[in-house]
Amino acid sequence: MPAFSSSAPGKIILFGEHAVVYGRPAVAVPVTEVSAKVTLTPNPRGQPGELKISAPEIGLEAMLADLPAENPLARAIRLTASALKVSHIPAAGLRIKSNIPVASGLGSGAAVTVALMRSLSAFLGQTLPDERVSALAYEVEKIHHGTPSGIDNAVITYACPVYFIKNKPLVRLKPGRPFTIIIGDTGIASPTAVAVGDVRKAWQAAHDHYEALFDSAGAMADSARKAIENGNIELIGPLMDANHGLLRKIGVSCSELDRLVLAAREAGAWGAKLSGGGRGGNMIALASPDRADKIARSLLEAGAARVIVTDVS
Ligand code: PMV
């Protein structure tokens, strides 16, 4: 029996993080410069159900049976097997390789889950349609995020730019013109569940104020969708700046993110903002392709741990 592999990209949220948890629209795009790959290799000498999991980047080496039920990998495996009505998975080694930084807003958890579900279903001789993969990955996202909107599993499953509203059919976006995004990593790991939980407490304490902030973020995502589809790239930068201002008011920026956002703007970006859960993780900047290198250098000089340049097309 051959080995079965599947890969899934990272992602960034261009507009609407946090507000999307409260039913407002958001825009996200895949980042193919980073990815997670999961390979299942049959072990003919093992007992059925004996699954050895190794994820060298996070120092994990364990048997499935020894992982707690709420472990995201264990949950992804069990959800997939039960969706495919398989009670005994043949013995195998499951290897996870990912260069997506963890807890940094690039969707590492969802990418591992999606790649795992697809490689495991292929290993079991079946195919899970994309809607099922995304829906099952959403269940695993609950472990990572607490109360996820579902945007990460959606954009990573479909691997295309998306306009997303929680519990509504996904809209695939076709940019009218390609554009370049520079991603700067603060190097600070920031679990999304913590930021999302803090925003929820703040929303409960000042409901109307936060609802108004979320409405503004939603309106920006709507304007950005039109600008992207119509190829009016020059309109996107100011919207990113405004969205970053809102995210600061929502309380999810930090001095390191603000510093990188400022450095990108000073180096000639058309706009910049934090991306994802915030409090660390990544920021993004929009610029003309010929400025991308200069902005990348400025971000590194301003303290970015690493920079990725990606084209959205
Ligand atoms: O995974 P992250 O850090 O990109 O965060 C996802 C975006 C949030 O809106 C903060 C949470 C969610 O589930 O949508």
Review point. Of all the residues that make up segment 131-149, how many are within 13 Å of ALA83 (Cα to Cα) and either aliphatic (A, V, I, L, M) or away from the ligand (no atom under 16 Å from the Cβ) (or both)?
Key: 6
Check your understanding: Among the residues of segment 53-73, is there at least one that is crowded, with 21+ Cβ neighbours inside 10 Å and away from the ligand (no atom under 16 Å from the Cβ)?
Key -> yes
Review point. If a residue has to be assigned to a helix (DSSP H, G or I) and surrounded by fewer than 23 Cβ atoms within 10 Å (Cβ to Cβ) to count, how many in segment 122-133 make the cut?
Key: 4
Study note, to complete from the structure: Looking across segment 190-202 at residues that are of a type outside the set (Lys, Arg), part of a helix (DSSP H, G or I) and open to solvent by 50 Å² or more (accessible area, probe 1.4 Å), the single one that is modelled with the lowest pLDDT is VAL194
Review point. Among the strands (runs of 3 or more DSSP E) contained in segment 215-313, which hold 1 or more residues that are open to solvent by 10 Å² or more (accessible area, probe 1.4 Å) and among the charged types (D, E, K, R)?
Key: 306-312
**Study point:** strands (runs of 3 or more DSSP E) contained entirely in segment 18-120, each with at least 1 residues that are out of contact with any Ser or Thr (no Cβ under 9 Å at 6 or more places or on another chain)
**Key:** 26-42, 51-55, 60-63
Exercise for review: May I ask you to verify whether LYS85 is open to solvent by 70 Å² or more (accessible area, probe 1.4 Å), at pLDDT 95 or above, among the basic types (Lys, Arg) and within 25 Å of ARG132 (Cβ to Cβ)?
Suggested key: yes
Check your understanding: Could you count how many residues in segment 167-182 are touching a strand residue (DSSP E or B) at 6+ places or on another chain (Cβ under 9 Å) and of a type outside the set (Val, Ile, Thr)?
Key -> 6
Exercise for review: Starting from segment 85-110, keep only residues that are farther than 18 Å from LEU64 by Cβ and of a type in the set (Ser, Thr, Tyr), then list their pairs with residues that are open to solvent by 30 Å² or more (accessible area, probe 1.4 Å) and within 11 Å of the ligand (Cβ to nearest atom) whose Cβ atoms are within a distance under 6 Å, requiring at least 6 positions of separation or different chains.
Suggested key: SER108/VAL102
Practice item. Look through SER255, SER275, SER288 and report the one residue that is at pLDDT 95 or above, within 16 Å of the ligand (Cβ to nearest atom) and out of contact with any helix residue (DSSP H, G or I) (no Cβ under 6 Å at 6 or more places or on another chain). Key: SER275
Review point. From the list THR180, THR186, which one is in the same structural domain as ALA304 (by TED's automatic domain parsing), touching a helix residue (DSSP H, G or I) at 6+ places or on another chain (Cβ under 7 Å), under 26 Å from ALA296 (Cβ atoms) and surrounded by 23 or more Cβ atoms within 10 Å (Cβ to Cβ)?
Key: THR186
Check your understanding: When the residues of segment 95-121 are filtered to those that are within 11 Å of the ligand (Cβ to nearest atom) and β-branched (Val, Ile, Thr), which remaining residue is least open to solvent (accessible area, probe 1.4 Å)?
Key -> ILE100
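For (1) modelled with pLDDT of 95 or more; (2) more than 30 Å from LEU173 (Cα to Cα), each residue gets a yes or a no:
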| site | (1), (2) |
| --- | --- |
| PHE4 | yes, yes |
| LYS11 | yes, no |
| VAL20 | yes, no |
| ALA28 | yes, no |
| ALA36 | yes, no |
| THR41 | yes, yes |
| SER54 | yes, yes |
| ALA62 | yes, yes |
| GLU70 | no, yes |
Study note, to complete from the structure: With the first residue restricted to segment 141-154 and required to be modelled with pLDDT of 90 or more, and the second required to be within 7 Å of the ligand (Cβ to nearest atom) and β-branched (Val, Ile, Thr), Cβ contacts under 7 Å at 6 or more apart or on different chains are SER149/VAL20; SER149/VAL21; ILE151/ILE13; ILE151/VAL20
Study note, to complete from the structure: Out of (1) within 14 Å of GLU141 (Cβ to Cβ); (2) within 16 Å of the ligand (Cβ to nearest atom), the one LEU79 does not meet is (2)
Review point. Given the residues VAL38, VAL20, which is the only one that is within 24 Å of the chain's Cα centre (by Cα), away from the ligand (no atom under 16 Å from the Cβ), open to solvent by less than 10 Å² (accessible area, probe 1.4 Å) and in the same structural domain as PRO148 (by TED's automatic domain parsing)?
Key: VAL38
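The values are calculated or read from the model by the stated rules, or taken from the named source; none is laboratory data. From a predicted model like this one, the values you see are computed outputs, not experimental measurements. Quick reminder, even Gly has a Cβ in these numbers, built from the backbone with ideal geometry, and neighbours come from all protein chains shown. The accessibility values were calculated without ligands, DNA or RNA, using every heavy atom of the protein model including side chains. Shrake-Rupley method; radii C 1.70, N 1.55, O 1.52, S 1.80 Å.
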